[in-house]
1. Taking the condition of being at pLDDT 80 or above, under 29 Å from the mean Cα position of the chain (by Cα) and part of a loop (DSSP other than H, G, I, E, B), how many residues in the stretch 141-157 meet it?
2. Counting only residues that are touching a Gly at 6+ places or on another chain (Cβ under 8 Å) and of a type in the set (Ser, Thr, Tyr), how many does the stretch 331-349 have?
3. When the stretch 332-358 is examined, which residues are found to be open to solvent by less than 20 Å² (accessible area, probe 1.4 Å), of a type in the set (A, V, I, L, M) and in a loop (DSSP other than H, G, I, E, B)?
4. If you go through the stretch 9-30 one residue at a time, do you hit one that is modelled with pLDDT under 70, assigned to a helix (DSSP H, G or I) and out of contact with any helix residue (DSSP H, G or I) (no Cβ under 8 Å at 6 or more places or on another chain)?
5. With the structure loaded, tell me whether LEU182 is touching a helix residue (DSSP H, G or I) at 6+ places or on another chain (Cβ under 8 Å), over 30 Å from PRO383 (Cβ atoms), open to solvent by 60 Å² or more (accessible area, probe 1.4 Å) and modelled with pLDDT of 90 or more or whether it fails that test.
6. Which of the residues belonging to the stretch 111-125 are surrounded by fewer than 18 Cβ atoms within 10 Å (Cβ to Cβ) and either assigned to a helix (DSSP H, G or I) or among the charged types (D, E, K, R) (or both)?
7. Collect the residues in the stretch 307-331 that are of a type in the set (Val, Ile, Thr) and assigned to a helix (DSSP H, G or I), keeping them in residue-number order.
8. Taking ALA206 as meeting all but one of (1) in contact with a Leu (Cβ under 9 Å, 6 or more places away or on another chain); (2) open to solvent by 10 Å² or more (accessible area, probe 1.4 Å); (3) among the hydrophobic types (A, V, I, L, M, F, W, C), write down the number of the exception.
Amino acid sequence: VANQVPAQIFLLFGGGTLAVLFVPEIMRHARTSAQRSDEYGSFLLFASVAFGLLMTLLLVVFSPLIIKIMGGSSWSDAQSSLGLRFSLWCMPQITFAAMFSVAGQLMIARGRIVAIGWMPTVNSLVIIAACIPVIAVGTAQASSPGALAPWEVTLLGGSTLLGSALQSMLLIYFLHRGGFRLHVRFIVRGLGLRRAARAGLLTITAGALFQISNLTITALSTQAGSAAKSLGHDGRGFTALFYALALMSIAQAMAVMGLANVLLQRLSQHYAERGDFASSKDLDETITAVGSILIPVTALFICLGPLGTELIFTRGETSLASAQFIGIVLAVLSLGLIASAMHEVLIRTFYAANDARTPLRSAFVIVTLYISGSFAASFQLPPDRVLLGIAGAFSLAYLIDLPLKLHTLHKKLKFKLS
């Protein structure tokens, strides 16, 4: 929970979604002047660092309140104390997340996608390396928050922050290798910031809606898990939902993120050159490729989800029943896997065409359905089944919104799915 909060707060204020908005502007400047393109990118990098430092300060100050809200009344004092200690290490990640997001979009605008794809691996390896001593000592217990020694908290929290910092600095290095030159002094006038700010306000609102839903679902699932545990059902809380979403996100990222980033760069260039036919062709090929990858993955998750999570998670403090439950949640989430993947593809199309209104409307529809369905599940279902209702609300929200986006795509951009 401590590690999720800064990521969700970062996205709450626009985060990665807002950075996507800048690629069309970067492409526009690149067509006229490489120096102005670098000046625009330099401004974005400095602004991202300033934003990150400000948010880090606010998050550190309000960490006790945030952790208390996330855990709810069901968390013990030991849980809240451990969550707070972890949060003080995790909160500064927001600065490096802002840097990574902007640097990633600058790389995309230059057509350098590969480095972005493997950079999170660096982050993961640092964290995995830090986990090894904790596992080797073997004193940590899931049922005892006080079992973690201070050095273990420092090692786990510090490695999380170090991994985030390392991946951001490495991406800045590769950005420099790719030809980007940081300008400490630049002329702000003429960079198109006013136009970007108008669209950015809508984008921030859309991102805020999604992260409000994520924070809400984190709180609801955490509280449902504590209530289910008091009734004798372990593994029915936020951790199960987190693992199921992580597995689904891995599949979605493998199928979508590289293609979506390439699509954003190509569409931004096509729309800048008024190449509508080429835009439709690239989008159609991307949708076909994503569907061909994710349709069999969806079938596997639905049919074999519980078996797969049983093989992955049944060890240590995770019982067989808890591991299988993760797979059931994954199966329900997978009903909306293709629709959520298409969402990531289609909103980049609208941003490339300088349309920030449609992603905002889409966010409102999805979030309204997701939150209302999750609250209904929390009130109507037994605590041990609340997560299934939340997963169902997730899938239903994206399935309902997908045809609305496709209709708008056809109406505004004359796109037809072949």
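1. 1
2. 1
3. Within the stretch 332-358, just ALA356 meets the criteria.
4. Looking only at the stretch 9-30, we keep the residues that are modelled with pLDDT under 70, and these are 11-30.
Cutting the leftovers down to assigned to a helix (DSSP H, G or I) gives us 11-12, 15-20, 22-30.
With the extra rule that they be out of contact with any helix residue (DSSP H, G or I) (no Cβ under 8 Å at 6 or more places or on another chain), the set shrinks to none.
Checked against the condition, which is being modelled with pLDDT under 70, assigned to a helix (DSSP H, G or I) and out of contact with any helix residue (DSSP H, G or I) (no Cβ under 8 Å at 6 or more places or on another chain), the stretch 9-30 yields no hits at all.
5. Working: touching a helix residue (DSSP H, G or I) at 6+ places or on another chain (Cβ under 8 Å): yes; over 30 Å from PRO383 (Cβ atoms): yes; open to solvent by 60 Å² or more (accessible area, probe 1.4 Å): yes; modelled with pLDDT of 90 or more: no.
Answer is no for this residue.
6. Of everything in the stretch 111-125, those that are surrounded by fewer than 18 Cβ atoms within 10 Å (Cβ to Cβ) and either assigned to a helix (DSSP H, G or I) or among the charged types (D, E, K, R) (or both) turn out to be VAL114, ALA115, GLY117, TRP118, PRO120, THR121, VAL122, SER124, LEU125.
7. Of all residues in the stretch 307-331, those of a type in the set (Val, Ile, Thr) come to 309, 312, 314, 318, 326, 328-329.
Answer for the stretch 307-331, where residues must be of a type in the set (Val, Ile, Thr) and assigned to a helix (DSSP H, G or I): THR309, ILE312, ILE326, ILE328, VAL329.
8. (2)
The values are calculated or read from the model by the stated rules, or taken from the named source; none is laboratory data. Just so we're clear, the structure is a prediction, and the values are computed from it rather than from any experiment. Cβ atoms come from the backbone with ideal geometry, glycine included; neighbour counts cover every protein chain shown. We work out accessible area using only protein heavy atoms, side chains counted, and drop any ligands, DNA or RNA first. Shrake-Rupley method; radii C 1.70, N 1.55, O 1.52, S 1.80 Å.
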